[in-house]
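Peer 1: To start, I am sharing the structure in question, which I have written as structure tokens.
The values are calculated or read from the model by the stated rules, or taken from the named source; none is laboratory data. A quick note: this is a predicted structure, and the numbers were derived from the prediction, not measured. Here Cβ is always computed from backbone atoms with ideal geometry, including for glycine, and neighbour counts include all displayed protein chains. Protein only, heavy atoms only, side chains kept; ligands, DNA and RNA dropped before computing areas. Shrake-Rupley method; radii C 1.70, N 1.55, O 1.52, S 1.80 Å.
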Amino acid sequence: MADCIFCKIAGKEIPSGMVYEDDRVVAFKDLEPQAPVHVLVIPKKHVESILALQEEDKELIGHILCEVVPKLAKELGVDAKGFRIVANTGEDGNQTVKHLHFHLLGGRSMQWPPG
Ligand code: 5GP
Ligand code: ZN
């Protein structure tokens, strides 16, 4: 999608600290990390948020959560102590980039409730 920063990152039009890529998914380091490990896992195809997901996307989301995230957690060394997955959605979720992304945060103890 034109003018979407994450589509441009997925298409390598702009550089990012990419840590993972396959045919449907990329993961890259967050520009403003909130934890020692903070990467964003995104589908290459433009989907605005969880609310825009379609029936046909179920396999893609399963791939991200069941395969890509556990693989990355191991590679980034946060599997043993744990981590947090966050998908900010919409206005109250404080979603700032309108291309679905999963934050993978780890390397420190997380607090609850979040801000
Ligand atoms: P949101 O607030 O939408 O859940 O998260 C968007 C995230 O994208 C933020 O954590 C922000 O730091 C990150 N971000 C925004 N623009 C860029 C960019 O151009 N490159 C990278 N690597 N991260 C970005
Ligand atoms: Zn996009």
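Peer 1: Among the residues in segment 60-78, are any part of a loop (DSSP other than H, G, I, E, B), in contact (Cβ under 8 Å) with a residue 12 or more places away in the chain and in contact with a Leu (Cβ under 6 Å, 6 or more places away or on another chain)? Explain how you work it out, then say what you get.
Peer 2: Step one: of segment 60-78, the residues part of a loop (DSSP other than H, G, I, E, B) are 76-78.
When the remaining residues are screened for being in contact (Cβ under 8 Å) with a residue 12 or more places away in the chain, the result is 76-78.
Next, from what is left, pick out any that are in contact with a Leu (Cβ under 6 Å, 6 or more places away or on another chain): none.
Among the residues of segment 60-78, not one is part of a loop (DSSP other than H, G, I, E, B), in contact (Cβ under 8 Å) with a residue 12 or more places away in the chain and in contact with a Leu (Cβ under 6 Å, 6 or more places away or on another chain), which makes the answer no.
Peer 1: Now for a different question. Is it fair to say residue 78 is in contact with a Gly (Cβ under 7 Å, 6 or more places away or on another chain) and either modelled with pLDDT of 95 or more or within 16 Å of ligand 1 (Cβ to nearest atom) (or both)? Steps first, answer last, please.
Peer 2: Working: in contact with a Gly (Cβ under 7 Å, 6 or more places away or on another chain): yes; either modelled with pLDDT of 95 or more or within 16 Å of ligand 1 (Cβ to nearest atom) (or both): yes.
Judged against the criteria, residue 78 is a match.
Peer 1: For residues in segment 19-38 being within 9 Å of ligand 1 (Cβ to nearest atom) and not polar (S, T, N, Q), which is most open to solvent (accessible area, probe 1.4 Å)?
Peer 2: Residues of segment 19-38 within 9 Å of ligand 1 (Cβ to nearest atom): 28-34, 38.
Restricting the remaining residues to those that are not polar (S, T, N, Q) gives 28-33, 38.
Working: 28: 6, 29: 129, 30: 31, 31: 162, 32: 128, 33: 79, 38: 13 Å².
The selected residue is 31.
Peer 1: When only residues in segment 86-106 that are in contact with a helix residue (DSSP H, G or I) (Cβ under 7 Å, 6 or more places away or on another chain) and β-branched (Val, Ile, Thr) count, which is farthest from ligand 2 (Cβ to nearest atom)?
Peer 2: Checking each candidate, the answer is 89.
Peer 1: Looking only at residues that are away from ligand 2 (no atom under 15 Å from the Cβ) and within 15 Å of the chain's Cα centre (by Cα) in segment 45-62, which one is surrounded by the most Cβ atoms within 10 Å (Cβ to Cβ)?
Peer 2: Residue satisfying both the conditions and the ranking: 61.
Peer 1: Restricting attention to segment 1-29, which residues are in a loop (DSSP other than H, G, I, E, B), in contact (Cβ under 8 Å) with a residue 40 or more places away in the chain and within 16 Å of ligand 2 (Cβ to nearest atom)? It would help to see each step written out before you state the result.
Peer 2: Of segment 1-29, the ones in a loop (DSSP other than H, G, I, E, B) are 1-4, 11-17, 22-24.
If we keep only those that are in contact (Cβ under 8 Å) with a residue 40 or more places away in the chain as well, we get 1, 4, 22.
Within segment 1-29, 1, 4 qualify.
Peer 1: More than 16 Å from ligand 2 (Cβ to nearest atom), on the phi > 0 side of the Ramachandran plot and of a type outside the set (A, V, I, L, M) - does that describe any residue in segment 73-85? Break it down into steps so the answer makes sense when it comes.
Peer 2: Going residue by residue through segment 73-85, those that are more than 16 Å from ligand 2 (Cβ to nearest atom) are 73-85.
Next, from what is left, pick out any that are on the phi > 0 side of the Ramachandran plot: 77, 82.
Now restrict to residues that are of a type outside the set (A, V, I, L, M): 77, 82.
Yes: segment 73-85 contains one or more residues that are more than 16 Å from ligand 2 (Cβ to nearest atom), on the phi > 0 side of the Ramachandran plot and of a type outside the set (A, V, I, L, M).
Peer 1: Hey, does segment 69-80 have a residue that's under 15 Å from residue 43 (Cβ atoms), open to solvent by 20 Å² or more (accessible area, probe 1.4 Å) and not β-branched (Val, Ile, Thr)? Give the derivation first.
Peer 2: The initial filter retains those residues of segment 69-80 that are under 15 Å from residue 43 (Cβ atoms), namely 69, 72.
Restricting the remaining residues to those that are open to solvent by 20 Å² or more (accessible area, probe 1.4 Å) gives none.
Checked segment 69-80: no residue is under 15 Å from residue 43 (Cβ atoms), open to solvent by 20 Å² or more (accessible area, probe 1.4 Å) and not β-branched (Val, Ile, Thr).
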